[in-house]
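Taking it in order: structure first as structure tokens, then the write-up.
Here, each number is a calculation from the coordinates, and none is a lab measurement. What you are looking at is a predicted structure, and each value in this text was computed from that prediction instead of being measured. For neighbour counting, all protein chains shown are included, and Cβ atoms are generated from backbone atoms with ideal geometry for every residue, glycine included.
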Amino acid sequence: MTEKIDPIRKTDDEAFELAQKLLKETKYASLAVNDTGSGYPLVSRVAACFSLTTDLFFAGSDLSQHSKCIAKDSKCSLMLGEPGKGDGLAYTRITLVGEAARMSNDHEWRGEFRQAFVGVHPKAELYIDFLDFGFYPLKIHRAYLNGGFGKAYHLDEKDLSVLFG
């Protein structure tokens with residue numbers, strides 16, 4: 001009988017480098033929420049932003065279904081990472097699991113979030129000040145990093161404090 005090998009690697013410097021690269025370079029993400037109407041998972045594409053001063057957040061309109069769902073149930077996950085040419089499963093991606101809540105438009109940090117977001121998404125200047133648009137900071141509880149085939153990591157709270165510390 002052969003011994004079963006755990007496919008999850010110990011989180012190391014390579015994992016942190018892969019995760020930090022994704023956080024800094026990814027501009028769009030897949031957002032998964034609980035559809036409060038049907039009970040089924042709902043996935044949307046959102047514009048995301050990470051900066052050293054504002055952490056990770058995304059922008060959304062109050063008119064979107066995912067924003068309506070988050071208003072009722074803050075639990076969500078965000079997957080960052082884009083495939084290039086060839087096999088999309090060979091590319092690095094990270095899924096961040098946590099909670100998001102809309103920041104009020106009069107929040108003291110909104111200006112800082114706006115500046116960071118427009119710096120990453122310059123065309124957002126056209127719509128980001130509409131009253132229905134808001135920022136959703138993500139409070140991350142855990143993360144799953146896949147660095148390509150054979151490079152899987154589970155990041156716990158301790159790992160996240162190193163990553164975001």
Using 7 Å Cα-to-Cβ label points, what is the residue 121/residue 73 separation (nm, one decimal)?
2.4 nm
One finds the C-alpha centres of segment 55-90 and segment 108-165 to be spaced, in Å, by 10 Å
Between residue 106 and residue 158, what FRET efficiency comes out of the Förster formula 1/(1 + (r/R0)^6) with R0 = 45 Å and r the beta carbon distance, rounded to 0.05?
0.80
Given charges of +1 on the Cβ of Lys and Arg and -1 on the Cβ of Asp and Glu, with all other atoms neutral, how large is the dipole of segment 1-59 about its Cα centre, in debye to the nearest 20?
220 debye
For Kirkwood radius over Cα pairs in Å, pick the label among [x] 15.6; [y] 16.0; [z] 16.8 that corresponds to the value derived from the coordinates.
[z]
Quick check on the exposure proxy: order 2, 11 from fewest to most C-beta atoms within 10 angstrom.
2, 11
Might you report the magnitude of the Cβ-based charge dipole of the chain about its Cα centre, with Lys and Arg at +1 and Asp and Glu at -1, to the nearest 20 debye?
300 debye
List, in order, the whole-Hz ³J(HN,Hα) value for each residue of segment 15-29 obtained from phi through the Karplus relation with A = 6.51, B = -1.76, C = 1.60 and θ = phi - 60°; use x for Gly and Pro.
4, 5, 5, 4, 5, 5, 4, 4, 4, 7, 9, 7, 9, 10, 9
Checking the table 68/151; 21/139; 4/85 against a 28 Å threshold on Cα-Cα, which pairs fail?
68/151; 4/85
